[in-house]
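Contents: one structure, followed by commentary.
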Amino acid sequence: MLIIGGGCAGLTVALRLQQTLRTRLRTGQDEITLVEPQPYLTYHPLLAEVAAGTIDPRHVVVPLRRTLPDCRVLTARVTRVDHAARRARIDAAAPGESGLTSELHYDVLVVAPGSVSRTAPVPGLAEHGLGFATVGEAVSLRNHVLEQLDLASTTRDPELRQSALTFVFVGAGYAGVGALAELEDMARYATKGYHNLQADDLRWVLVEATGRILPEESPELADHTLAELREHSVDVRLRTTLESAADRMMTLSDGSRFAARTLVWTAGTRPAPLLNHTDLPLDGNGRIRCLPDLRVAGPDGLPLAGAWAAGDCAAVPDPGAEGAPCAPNAQHALAQADLLAANLLAAAAGQALRDYHPDRPYCSTSLGVGRAVAHTRRGQLTGRRAWWLHRARHLRRLPSPERRVRILTDWLLAGLFRREVVSLGSVEHPRAEFEAGFTDLHPGP
(Lines give C-alpha, C1' and ligand atoms only; values in the text may rest on other atoms or scores of the structure.)
Protein backbone atom coordinates (compact mmCIF):
# COMPACT_ATOMS: atom_id res chain seq x y z
CA MET A 1 0.00 0.00 0.00
CA LEU A 2 1.20 3.51 -0.84
CA ILE A 3 0.03 6.49 1.22
CA ILE A 4 0.81 9.89 -0.27
CA GLY A 5 0.99 12.57 2.40
CA GLY A 6 1.91 12.54 6.08
CA GLY A 7 -0.52 15.18 7.30
CA CYS A 8 -3.50 14.62 9.57
CA ALA A 9 -5.25 12.28 7.12
CA GLY A 10 -2.23 10.33 5.86
CA LEU A 11 -0.65 9.79 9.27
CA THR A 12 -3.94 8.79 10.90
CA VAL A 13 -4.67 6.20 8.19
CA ALA A 14 -1.20 4.70 8.55
CA LEU A 15 -1.39 4.74 12.34
CA ARG A 16 -4.78 2.98 12.45
CA LEU A 17 -3.63 0.33 9.98
CA GLN A 18 -0.37 -0.17 11.87
CA GLN A 19 -2.26 -0.78 15.10
CA THR A 20 -4.41 -3.46 13.45
CA LEU A 21 -1.86 -5.07 11.12
CA ARG A 22 1.22 -4.85 13.35
CA THR A 23 2.02 -8.57 13.18
CA ARG A 24 1.55 -8.79 9.42
CA LEU A 25 3.68 -5.69 8.88
CA ARG A 26 6.50 -7.02 11.04
CA THR A 27 6.54 -10.40 9.30
CA GLY A 28 6.48 -8.83 5.85
CA GLN A 29 3.06 -10.15 4.83
CA ASP A 30 1.88 -6.58 4.28
CA GLU A 31 3.79 -3.40 3.57
CA ILE A 32 2.72 0.21 4.03
CA THR A 33 4.83 2.95 2.45
CA LEU A 34 4.16 6.56 3.37
CA VAL A 35 5.74 9.34 1.28
CA GLU A 36 5.92 12.88 2.67
CA PRO A 37 8.35 15.74 1.84
CA GLN A 38 8.79 16.54 5.54
CA PRO A 39 9.73 13.86 8.11
CA TYR A 40 6.95 15.04 10.41
CA LEU A 41 3.32 16.05 10.64
CA THR A 42 2.55 19.69 11.44
CA TYR A 43 -0.56 20.19 13.56
CA HIS A 44 -1.76 23.42 11.96
CA PRO A 45 -4.52 24.43 14.44
CA LEU A 46 -1.85 25.22 17.06
CA LEU A 47 0.46 27.28 14.84
CA ALA A 48 -1.06 30.51 16.18
CA GLU A 49 0.16 29.62 19.68
CA VAL A 50 3.60 28.82 18.26
CA ALA A 51 3.67 32.31 16.76
CA ALA A 52 2.64 33.78 20.10
CA GLY A 53 5.40 31.87 21.90
CA THR A 54 3.04 29.85 24.09
CA ILE A 55 4.10 26.50 22.62
CA ASP A 56 7.57 25.27 21.70
CA PRO A 57 7.66 24.89 17.89
CA ARG A 58 8.98 21.32 18.15
CA HIS A 59 5.92 20.25 20.10
CA VAL A 60 3.40 20.82 17.29
CA VAL A 61 5.24 18.46 14.94
CA VAL A 62 4.91 14.68 15.15
CA PRO A 63 7.92 12.65 13.87
CA LEU A 64 6.63 10.18 11.30
CA ARG A 65 9.27 7.47 11.68
CA ARG A 66 8.94 7.37 15.46
CA THR A 67 5.15 7.24 15.24
CA LEU A 68 5.11 4.63 12.44
CA PRO A 69 7.93 2.19 13.31
CA ASP A 70 6.29 -0.67 11.39
CA CYS A 71 5.73 1.33 8.21
CA ARG A 72 8.19 2.41 5.56
CA VAL A 73 8.47 6.22 5.67
CA LEU A 74 10.14 7.99 2.74
CA THR A 75 11.06 11.68 2.98
CA ALA A 76 10.45 12.58 -0.64
CA ARG A 77 8.03 14.26 -3.02
CA VAL A 78 5.66 12.36 -5.26
CA THR A 79 5.88 14.04 -8.66
CA ARG A 80 3.53 11.85 -10.73
CA VAL A 81 0.98 9.08 -10.22
CA ASP A 82 -0.03 6.66 -12.96
CA HIS A 83 -2.76 4.71 -11.22
CA ALA A 84 -3.65 2.75 -14.34
CA ALA A 85 -0.17 1.20 -14.14
CA ARG A 86 -0.13 1.23 -10.31
CA ARG A 87 3.08 3.23 -10.06
CA ALA A 88 4.23 6.56 -8.63
CA ARG A 89 7.34 8.60 -9.36
CA ILE A 90 9.13 10.13 -6.39
CA ASP A 91 11.91 12.68 -6.03
CA ALA A 92 14.05 12.51 -2.90
CA ALA A 93 16.05 15.67 -3.60
CA ALA A 94 15.62 18.92 -1.71
CA PRO A 95 13.74 21.69 -3.55
CA GLY A 96 15.99 23.46 -6.03
CA GLU A 97 18.44 20.58 -6.31
CA SER A 98 18.81 18.02 -9.08
CA GLY A 99 16.40 15.16 -8.61
CA LEU A 100 17.00 11.67 -7.29
CA THR A 101 14.00 10.09 -8.95
CA SER A 102 12.71 6.56 -8.66
CA GLU A 103 9.45 4.67 -9.06
CA LEU A 104 7.26 2.92 -6.53
CA HIS A 105 4.81 0.17 -7.46
CA TYR A 106 1.77 -0.44 -5.31
CA ASP A 107 -1.47 -2.41 -5.08
CA VAL A 108 -3.56 0.09 -3.09
CA LEU A 109 -3.23 3.87 -3.21
CA VAL A 110 -4.30 6.35 -0.52
CA VAL A 111 -4.03 9.97 -1.63
CA ALA A 112 -3.82 12.53 1.19
CA PRO A 113 -1.26 15.24 0.30
CA GLY A 114 -3.43 17.98 1.81
CA SER A 115 -3.44 21.53 0.53
CA VAL A 116 -1.16 24.51 0.02
CA SER A 117 -1.64 28.24 0.46
CA ARG A 118 -3.71 29.95 -2.21
CA THR A 119 -2.00 33.11 -3.38
CA ALA A 120 -3.01 35.85 -5.82
CA PRO A 121 -1.09 37.98 -8.34
CA VAL A 122 -1.01 41.01 -6.06
CA PRO A 123 1.89 43.38 -6.81
CA GLY A 124 4.42 43.26 -3.97
CA LEU A 125 2.93 40.17 -2.30
CA ALA A 126 5.75 37.83 -3.32
CA GLU A 127 8.39 40.32 -2.13
CA HIS A 128 6.84 41.44 1.17
CA GLY A 129 4.18 38.88 2.12
CA LEU A 130 4.54 36.30 4.88
CA GLY A 131 2.76 32.94 4.86
CA PHE A 132 1.33 31.11 7.83
CA ALA A 133 1.20 27.42 6.91
CA THR A 134 4.37 25.94 8.44
CA VAL A 135 6.20 25.96 11.75
CA GLY A 136 9.03 27.91 10.14
CA GLU A 137 6.61 30.59 8.96
CA ALA A 138 5.00 30.81 12.41
CA VAL A 139 8.37 31.26 14.13
CA SER A 140 9.52 33.72 11.47
CA LEU A 141 6.36 35.79 11.89
CA ARG A 142 6.84 35.95 15.66
CA ASN A 143 10.44 37.12 15.23
CA HIS A 144 9.38 39.63 12.59
CA VAL A 145 6.68 41.20 14.78
CA LEU A 146 9.07 41.58 17.71
CA GLU A 147 11.74 43.06 15.41
CA GLN A 148 9.22 45.66 14.27
CA LEU A 149 8.69 46.71 17.87
CA ASP A 150 12.45 47.07 18.29
CA LEU A 151 12.64 49.13 15.11
CA ALA A 152 9.76 51.40 16.12
CA SER A 153 11.32 51.96 19.53
CA THR A 154 14.69 53.03 18.15
CA THR A 155 13.89 55.01 15.01
CA ARG A 156 13.33 58.76 14.99
CA ASP A 157 11.51 58.68 11.66
CA PRO A 158 7.75 58.98 12.41
CA GLU A 159 6.73 57.43 9.08
CA LEU A 160 9.00 54.43 9.57
CA ARG A 161 7.74 54.06 13.12
CA GLN A 162 4.12 54.01 12.00
CA SER A 163 4.88 51.56 9.22
CA ALA A 164 6.68 49.23 11.64
CA LEU A 165 3.73 49.28 14.03
CA THR A 166 1.14 48.46 11.34
CA PHE A 167 0.30 44.78 10.85
CA VAL A 168 -1.93 43.63 7.98
CA PHE A 169 -3.54 40.19 7.73
CA VAL A 170 -5.37 39.15 4.56
CA GLY A 171 -7.94 36.39 5.02
CA ALA A 172 -10.34 36.04 7.97
CA GLY A 173 -10.67 32.29 8.25
CA TYR A 174 -9.50 30.33 11.29
CA ALA A 175 -5.83 30.73 10.40
CA GLY A 176 -5.99 34.49 9.87
CA VAL A 177 -8.19 35.30 12.86
CA GLY A 178 -6.29 32.99 15.20
CA ALA A 179 -2.86 34.25 14.13
CA LEU A 180 -3.83 37.92 14.35
CA ALA A 181 -5.52 37.53 17.75
CA GLU A 182 -2.62 35.60 19.31
CA LEU A 183 0.03 37.96 17.93
CA GLU A 184 -1.96 41.05 18.93
CA ASP A 185 -2.16 39.68 22.46
CA MET A 186 1.59 38.93 22.49
CA ALA A 187 2.58 42.30 21.03
CA ARG A 188 0.30 44.14 23.48
CA TYR A 189 2.12 42.41 26.33
CA ALA A 190 5.54 43.04 24.73
CA THR A 191 5.01 46.82 24.63
CA LYS A 192 5.27 46.83 28.43
CA GLY A 193 9.00 46.32 28.02
CA TYR A 194 9.50 49.50 25.95
CA HIS A 195 9.72 52.95 27.48
CA ASN A 196 8.34 54.69 24.39
CA LEU A 197 5.74 52.23 23.07
CA GLN A 198 2.13 51.79 24.13
CA ALA A 199 -0.36 49.10 23.13
CA ASP A 200 -2.50 51.79 21.52
CA ASP A 201 0.38 52.62 19.15
CA LEU A 202 -0.09 49.28 17.40
CA ARG A 203 -2.36 49.12 14.37
CA TRP A 204 -3.86 45.78 13.31
CA VAL A 205 -5.78 45.49 10.05
CA LEU A 206 -7.75 42.39 8.99
CA VAL A 207 -8.80 42.33 5.31
CA GLU A 208 -11.55 39.94 4.18
CA ALA A 209 -13.04 39.72 0.69
CA THR A 210 -16.41 38.36 1.82
CA GLY A 211 -19.04 39.92 4.04
CA ARG A 212 -18.14 38.01 7.21
CA ILE A 213 -15.29 36.41 9.11
CA LEU A 214 -14.98 32.74 10.10
CA PRO A 215 -17.21 31.34 7.33
CA GLU A 216 -17.40 27.89 8.98
CA GLU A 217 -18.81 29.33 12.21
CA SER A 218 -22.42 30.25 12.84
CA PRO A 219 -23.28 33.88 12.03
CA GLU A 220 -23.86 34.58 15.72
CA LEU A 221 -20.45 33.30 16.79
CA ALA A 222 -18.75 35.04 13.86
CA ASP A 223 -20.42 38.31 14.88
CA HIS A 224 -19.25 37.85 18.47
CA THR A 225 -15.69 37.23 17.26
CA LEU A 226 -15.88 40.35 15.10
CA ALA A 227 -17.00 42.39 18.10
CA GLU A 228 -14.14 40.94 20.20
CA LEU A 229 -11.58 41.89 17.57
CA ARG A 230 -12.91 45.41 17.22
CA GLU A 231 -12.98 45.80 20.99
CA HIS A 232 -9.21 45.25 20.86
CA SER A 233 -8.93 47.98 18.19
CA VAL A 234 -8.49 45.59 15.25
CA ASP A 235 -9.50 47.36 12.05
CA VAL A 236 -11.61 44.73 10.24
CA ARG A 237 -12.29 45.52 6.57
CA LEU A 238 -15.06 43.31 5.15
CA ARG A 239 -15.85 43.06 1.42
CA THR A 240 -12.36 44.41 0.82
CA THR A 241 -9.37 43.03 -1.06
CA LEU A 242 -5.67 43.84 -1.18
CA GLU A 243 -4.94 45.46 -4.54
CA SER A 244 -1.21 46.12 -4.11
CA ALA A 245 1.61 45.82 -1.60
CA ALA A 246 4.35 47.30 -3.78
CA ASP A 247 7.08 49.09 -1.80
CA ARG A 248 5.27 48.07 1.39
CA MET A 249 2.45 50.49 0.57
CA MET A 250 -0.87 48.70 1.14
CA THR A 251 -3.58 49.63 -1.34
CA LEU A 252 -7.05 48.27 -0.58
CA SER A 253 -10.09 48.01 -2.80
CA ASP A 254 -11.97 50.46 -0.58
CA GLY A 255 -9.55 53.19 -1.70
CA SER A 256 -7.40 53.41 1.42
CA ARG A 257 -3.59 53.45 1.23
CA PHE A 258 -1.12 53.16 4.09
CA ALA A 259 2.39 51.89 4.73
CA ALA A 260 2.95 48.62 6.60
CA ARG A 261 6.08 46.53 7.09
CA THR A 262 4.09 43.40 8.01
CA LEU A 263 1.79 41.64 5.55
CA VAL A 264 0.51 38.15 6.43
CA TRP A 265 -1.34 36.19 3.76
CA THR A 266 -3.87 33.65 5.08
CA ALA A 267 -6.45 33.90 2.30
CA GLY A 268 -7.39 30.26 1.98
CA THR A 269 -5.89 27.12 0.53
CA ARG A 270 -5.93 25.12 -2.68
CA PRO A 271 -5.40 21.39 -3.35
CA ALA A 272 -1.83 20.14 -3.54
CA PRO A 273 -0.35 20.71 -7.04
CA LEU A 274 0.51 17.00 -7.23
CA LEU A 275 -3.12 16.22 -8.10
CA ASN A 276 -2.63 17.81 -11.51
CA HIS A 277 0.05 15.20 -12.24
CA THR A 278 -2.12 12.13 -11.68
CA ASP A 279 -4.64 10.25 -13.80
CA LEU A 280 -7.23 10.48 -11.02
CA PRO A 281 -10.50 12.34 -11.78
CA LEU A 282 -10.73 15.84 -10.28
CA ASP A 283 -13.67 18.13 -9.65
CA GLY A 284 -13.95 21.78 -10.70
CA ASN A 285 -11.92 22.91 -7.67
CA GLY A 286 -9.04 20.54 -8.39
CA ARG A 287 -9.91 18.04 -5.64
CA ILE A 288 -10.19 14.27 -6.17
CA ARG A 289 -13.74 13.10 -6.81
CA CYS A 290 -14.71 10.66 -4.06
CA LEU A 291 -17.66 8.44 -3.23
CA PRO A 292 -19.17 8.68 0.25
CA ASP A 293 -17.15 5.60 1.33
CA LEU A 294 -13.91 7.47 0.39
CA ARG A 295 -13.10 5.40 -2.68
CA VAL A 296 -12.07 7.50 -5.67
CA ALA A 297 -14.93 7.90 -8.12
CA GLY A 298 -14.08 6.99 -11.70
CA PRO A 299 -15.29 8.88 -14.78
CA ASP A 300 -18.40 6.67 -14.89
CA GLY A 301 -19.22 7.36 -11.24
CA LEU A 302 -18.18 3.86 -10.18
CA PRO A 303 -15.34 3.28 -7.70
CA LEU A 304 -11.85 3.30 -9.15
CA ALA A 305 -10.26 0.02 -8.09
CA GLY A 306 -7.51 0.35 -5.50
CA ALA A 307 -7.72 4.14 -5.10
CA TRP A 308 -8.83 6.00 -1.96
CA ALA A 309 -8.56 9.61 -0.81
CA ALA A 310 -9.18 11.70 2.30
CA GLY A 311 -8.47 15.10 3.77
CA ASP A 312 -8.15 18.51 2.13
CA CYS A 313 -7.43 17.04 -1.33
CA ALA A 314 -10.59 14.89 -1.39
CA ALA A 315 -14.02 16.08 -2.55
CA VAL A 316 -16.05 13.89 -0.19
CA PRO A 317 -19.83 14.49 -0.30
CA ASP A 318 -21.16 16.09 2.89
CA PRO A 319 -24.73 14.89 3.55
CA GLY A 320 -25.31 17.87 5.81
CA ALA A 321 -24.48 20.26 2.98
CA GLU A 322 -26.81 18.75 0.36
CA GLY A 323 -24.01 16.73 -1.21
CA ALA A 324 -21.49 19.57 -1.48
CA PRO A 325 -17.91 18.52 -0.64
CA CYS A 326 -16.74 18.65 2.95
CA ALA A 327 -14.80 21.72 3.93
CA PRO A 328 -11.00 21.28 3.92
CA ASN A 329 -10.19 21.33 7.63
CA ALA A 330 -8.44 19.18 10.24
CA GLN A 331 -11.68 17.95 11.82
CA HIS A 332 -12.90 16.37 8.57
CA ALA A 333 -9.42 15.07 7.74
CA LEU A 334 -9.11 13.17 11.02
CA ALA A 335 -12.64 11.74 10.85
CA GLN A 336 -12.27 10.70 7.21
CA ALA A 337 -8.92 9.04 7.97
CA ASP A 338 -10.45 6.91 10.73
CA LEU A 339 -13.22 5.77 8.38
CA LEU A 340 -10.82 5.19 5.48
CA ALA A 341 -8.66 2.87 7.58
CA ALA A 342 -11.76 0.97 8.72
CA ASN A 343 -13.04 0.66 5.15
CA LEU A 344 -9.65 -0.55 3.90
CA LEU A 345 -9.73 -3.35 6.45
CA ALA A 346 -13.37 -4.10 5.66
CA ALA A 347 -12.64 -4.27 1.92
CA ALA A 348 -9.75 -6.67 2.53
CA ALA A 349 -12.07 -8.88 4.60
CA GLY A 350 -14.88 -8.73 2.05
CA GLN A 351 -17.16 -6.80 4.39
CA ALA A 352 -19.52 -3.93 3.66
CA LEU A 353 -18.10 -0.40 3.56
CA ARG A 354 -19.49 2.53 5.53
CA ASP A 355 -20.22 5.99 4.14
CA TYR A 356 -18.82 9.15 5.67
CA HIS A 357 -21.39 10.89 7.85
CA PRO A 358 -19.56 13.70 9.64
CA ASP A 359 -20.60 14.83 13.06
CA ARG A 360 -21.73 18.38 13.43
CA PRO A 361 -18.56 20.50 13.26
CA TYR A 362 -17.66 21.67 16.74
CA CYS A 363 -15.12 24.33 15.85
CA SER A 364 -13.28 26.83 18.01
CA THR A 365 -10.57 29.45 17.76
CA SER A 366 -8.41 31.22 20.29
CA LEU A 367 -8.46 35.01 20.51
CA GLY A 368 -5.51 35.33 22.88
CA VAL A 369 -4.81 34.21 26.42
CA GLY A 370 -8.09 33.51 28.22
CA ARG A 371 -10.32 34.37 25.24
CA ALA A 372 -11.87 32.14 22.57
CA VAL A 373 -15.08 31.27 20.77
CA ALA A 374 -16.36 27.70 20.42
CA HIS A 375 -19.27 25.57 19.25
CA THR A 376 -20.63 22.95 21.64
CA ARG A 377 -23.48 20.42 21.53
CA ARG A 378 -25.49 22.72 23.77
CA GLY A 379 -24.82 25.88 21.83
CA GLN A 380 -21.98 28.37 21.85
CA LEU A 381 -19.32 29.39 24.32
CA THR A 382 -17.20 32.51 24.56
CA GLY A 383 -14.53 33.82 26.91
CA ARG A 384 -12.41 31.74 29.26
CA ARG A 385 -14.59 28.61 29.20
CA ALA A 386 -14.39 28.55 25.41
CA TRP A 387 -10.61 28.99 25.70
CA TRP A 388 -10.26 25.94 27.94
CA LEU A 389 -12.53 23.93 25.65
CA HIS A 390 -10.52 25.00 22.58
CA ARG A 391 -7.31 23.77 24.18
CA ALA A 392 -8.85 20.50 25.37
CA ARG A 393 -10.19 19.70 21.91
CA HIS A 394 -6.89 20.16 20.14
CA LEU A 395 -5.00 18.31 22.83
CA ARG A 396 -7.31 15.33 22.28
CA ARG A 397 -7.07 15.49 18.46
CA LEU A 398 -3.27 15.67 18.32
CA PRO A 399 -2.17 12.21 17.05
CA SER A 400 0.68 11.70 19.52
CA PRO A 401 0.41 11.04 23.29
CA GLU A 402 3.97 12.31 23.79
CA ARG A 403 3.20 15.61 22.04
CA ARG A 404 0.07 16.02 24.13
CA VAL A 405 2.14 15.82 27.30
CA ARG A 406 4.72 18.27 25.96
CA ILE A 407 2.10 20.82 24.89
CA LEU A 408 0.24 20.49 28.19
CA THR A 409 3.54 21.16 29.96
CA ASP A 410 4.10 24.24 27.78
CA TRP A 411 0.68 25.57 28.75
CA LEU A 412 1.28 24.93 32.46
CA LEU A 413 4.65 26.67 32.37
CA ALA A 414 3.18 29.59 30.44
CA GLY A 415 0.63 30.01 33.19
CA LEU A 416 3.30 30.01 35.91
CA PHE A 417 5.89 32.32 34.34
CA ARG A 418 5.91 35.51 32.30
CA ARG A 419 5.82 35.47 28.53
CA GLU A 420 9.10 35.23 26.63
CA VAL A 421 9.06 38.10 24.11
CA VAL A 422 12.62 37.97 22.77
CA SER A 423 13.16 37.87 19.02
CA LEU A 424 15.47 35.15 17.73
CA GLY A 425 15.45 36.33 14.14
CA SER A 426 19.15 35.55 13.75
CA VAL A 427 18.39 31.81 13.79
CA GLU A 428 16.77 32.19 10.36
CA HIS A 429 20.15 33.20 8.90
CA PRO A 430 22.65 31.22 10.99
CA ARG A 431 25.61 31.90 8.66
CA ALA A 432 25.11 35.67 8.46
CA GLU A 433 27.43 36.51 11.37
CA PHE A 434 30.08 34.08 10.18
CA GLU A 435 29.99 35.51 6.66
CA ALA A 436 30.19 39.07 8.02
CA GLY A 437 33.23 38.19 10.11
CA PHE A 438 34.92 36.54 7.13
CA THR A 439 34.28 39.64 5.02
CA ASP A 440 35.81 41.89 7.70
CA LEU A 441 38.98 39.79 7.81
CA HIS A 442 39.23 39.24 4.08
CA PRO A 443 37.74 42.28 2.35
CA GLY A 444 37.35 42.06 -1.38
CA PRO A 445 39.16 44.33 -3.87
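The values are calculated or read from the model by the stated rules, or taken from the named source; none is laboratory data. As the structure is a prediction and not an experimental result, all values here were calculated from the model. Positions of Cβ are generated from backbone atoms using ideal geometry, with glycine treated the same way; all protein chains shown enter the neighbour counts.
Before moving on, here are some points about what is shown:
- Residue check for ALA310: within 17 Å of the chain's Cα centre (by Cα), at pLDDT 95 or above and within 27 Å of TYR174 (Cβ to Cβ): yes
- Among residues that are touching a residue at least 12 places away in the same chain (Cβ under 8 Å), closer than 19 Å to THR251 by Cα and among the small types (Gly, Ala, Ser), ALA164 is included.
- You will find that of VAL170, VAL177, VAL207, VAL135, the residue that is touching a residue at least 12 places away in the same chain (Cβ under 8 Å) and farther than 20 Å from VAL50 by Cα is VAL207 and no other.
- Only one entry of THR33, THR54 meets the criterion of being polar (S, T, N, Q), buried (at least 19 other Cβ atoms within 10 Å of the Cβ) and either modelled with pLDDT of 95 or more or in contact with a helix residue (DSSP H, G or I) (Cβ under 6 Å, 6 or more places away or on another chain) (or both), and that entry is THR54.
- Taking the conditions (1) in a loop (DSSP other than H, G, I, E, B); (2) out of contact with any His (no Cβ under 9 Å at 6 or more places or on another chain); (3) under 27 Å from ARG248 (Cβ atoms) in turn, ALA133 satisfies each one other than (2).
- Among the strands (runs of 3 or more DSSP E) confined to segment 303-412, the ones with at least 2 residues that are surrounded by 21 or more Cβ atoms within 10 Å (Cβ to Cβ) and touching a helix residue (DSSP H, G or I) at 6+ places or on another chain (Cβ under 7 Å) are located at 303-309, 364-366, 372-376.
- Segment 154-179, subset of a type in the set (Val, Ile, Thr) and under 20 Å from ARG239 (Cβ atoms), residue nearest to the chain's Cα centre (by Cα): VAL177
- Each residue in segment 271-290 was checked for being more than 25 Å from ALA133 (Cα to Cα) and in contact (Cβ under 8 Å) with a residue 60 or more places away in the chain, and 2 of them qualify.
- Test: residue in segment 114-126 that is part of a loop (DSSP other than H, G, I, E, B), surrounded by fewer than 19 Cβ atoms within 10 Å (Cβ to Cβ), of a type in the set (Gly, Ala, Ser) and touching a residue at least 60 places away in the same chain (Cβ under 8 Å): yes
- Filtered residues of segment 219-241 (kept if surrounded by 14 or more Cβ atoms within 10 Å (Cβ to Cβ), under 17 Å from LEU252 (Cβ atoms) and not aliphatic (A, V, I, L, M)): ASP235, ARG237, THR240, THR241
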